[in-house]
1. Taking every residue in A:143-151, how many Cβ atoms of other protein chains lie within 10 Å of its Cβ, on average?
2. Sequence neighbours fewer than 8 away in the same chain don't count; with that in mind, list the lysines whose C-alpha is under 18 Å from residue B:177.
3. So for the protein assembly as shown, what are the equivalent ellipsoid semi-axes in whole Å, largest first, each being the square root of 5 times an eigenvalue of the Cα gyration tensor?
4. Count the DSSP beta bridges whose two residues both fall in chain A, then state the antiparallel fraction as a percent rounded to the nearest 5.
5. By per-residue mean of other Cβ atoms within 10 Å, what is the highest-first order of A:13-21, B:113-121, A:251-259?
6. Work out the mean other chain Cβ neighbour count within 10 Å for the residues of A:52-60 and drop it here as an integer.
7. Using only Cα atoms, locate the centre of the range A:216-269 and the centre of the range B:101-129, then give the distance between them in Å, rounded to an integer.
8. Scan around residue A:15 for amide H atoms under 5 Å from its own, H built in the peptide plane at 1.01 Å from N, and keep only partners 5 or more places away or cross-chain.
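Derivation of every value follows stated rules applied to the coordinates shown; laboratory data play no part. Because the structure is a prediction, the values reported are computed rather than measured. We place every Cβ from the backbone using ideal geometry, glycine too, and count neighbours over all the protein chains shown.
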2 protein chains.
Amino acid sequence: MQDLKNAPIGIFDSGIGGLTVAKAVIDALPTEDIIYFGDTARVPYGIKSEETVRAYALQITNFLLKRGVKMILIACNTVSASAKEEIIQAAGDIPVLDVITAGTHTAIGLANHHNIGVIGTLGTVNSRAYVEAIHAHDPTITVKQEACPLLVPLAEEGWIDNDVAVKTLHHYLDGFKGSGIQSLILGCTHYPLFKEIIPSILNGEGVEIIDSAESIATSAREKLGELSLLNDTGGEFQCFVSDRPQRFHELAERFLGRRLNGVEVVVLD
Amino acid sequence: MQDLKNAPIGIFDSGIGGLTVAKAVIDALPTEDIIYFGDTARVPYGIKSEETVRAYALQITNFLLKRGVKMILIACNTVSASAKEEIIQAAGDIPVLDVITAGTHTAIGLANHHNIGVIGTLGTVNSRAYVEAIHAHDPTITVKQEACPLLVPLAEEGWIDNDVAVKTLHHYLDGFKGSGIQSLILGCTHYPLFKEIIPSILNGEGVEIIDSAESIATSAREKLGELSLLNDTGGEFQCFVSDRPQRFHELAERFLGRRLNGVEVVVLD
């Protein structure tokens, strides 16, 4: 199994958002090699039909499999909601983890949380994927969802704590006040950028913020441990995108807080 | 020329934004047949490379030509900036108008305007297409640009005059105060939705707001008149998209303020 142990972990997203997952995985597993794919030519996925998202996700899965990954992390909530089963089937023996399952797992694991909030894109919220995943564990848990379409463009603009960000968060989150939620799942990989200010928006109601990027990184470490596939000699991070590598490069260094060697463009089919 | 006279006008955009152009054309030319194409599977174009935008724009041009249009209106600033020449070449004898040329034409036509402001997406502003188009007429005109990436998602969220919209517009437009601009070109087809509140943001400095959707509708009427191609017996409006017809249908009825018969999905290649 020496070869598979040293193989990279594949992470993908529709664009740059999944870099919060990459960062969490690098922090949790610093000696793993990682291949990241961002579908920057076709972002955003949240407004596309399920068929289209599935077709794109399978193309990316095949790309990662050809690169010999030992595990695939779906760092995109839209893909997790629409295409997880298809990806698992395409990946065969290679384990596939996704942000929805991971975030749900963390939320369910918290003691006595019977009232959970979820925020995400319109696509993720409409799919009710978190609601179904939570209810598969415990159908008595109350789940309150809110779609926050402006948070992704705000994060990409770098407006994560100015007056516009604060007002926008109030619009989306004020409905949670007094609702009794005990935890709030950040159901979009861009949202961890707002993690610092969300508690103040919720007026310190003691709501636990669940960052699904951290959740999936924890799940990945556990799963690789179970399979005896942990690598302690790697640490390379390679990025591939489908368009505009320069812009991705700049944003990626900001998201990751580290230098990147370069970003390669690949055409999928 | 009877056949060509009765042929439809083709209008296209990366998504729904170009519907402000369609609305202006319907208002200016109510007895013309119109075919609208919105590339909803691949929106937004503003963050894609020029090569990618050109390839997509040529696919759409070919689709419209096959449908027998008598004129093509590029209702997308990104395409106008990146692919106008290629579309003109592909269209042969069929006239091609674009929002950048039309908006510039209106701005230049205003008496004694020597100081013009332009707002647009990051792609449009970085392309400097408006600056170059204005300077081709008169290189002594001062042009001040500002990219406003959040206005498109705000418009699609329907937040066109709430507190978040007002604060966001202040962030983007406050830099124009005291700059002496006499007119402000709305260099993105979503921006006419903010036309009512922009004057109050600029504190009534008497800045003329130039809506390039209205400009291109006027140019289209003039051009069809010149070519004796005005149709006075039509009035049909047909919509085609590359993905998610239902969402487009809903937004389109809101943008246009009228019922639509239906929206058809086409796959381009």
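1. On the way: counts 0, 0, 0, 0, 1, 1, 5, 8, 1.
What the average comes to for A:143-151 is 2.
2. B:144, B:167, B:195
3. So the equivalent ellipsoid measures 43, 26, 22 Å along its semi-axes.
4. 0 percent
5. A:13-21, B:113-121, A:251-259
6. Other-chain Cβ atoms within 10 Å of each residue's Cβ, averaged: 1.
7. Value for the Cα centre distance between the two parts: 41 Å.
8. Here A:39 satisfy the definition.
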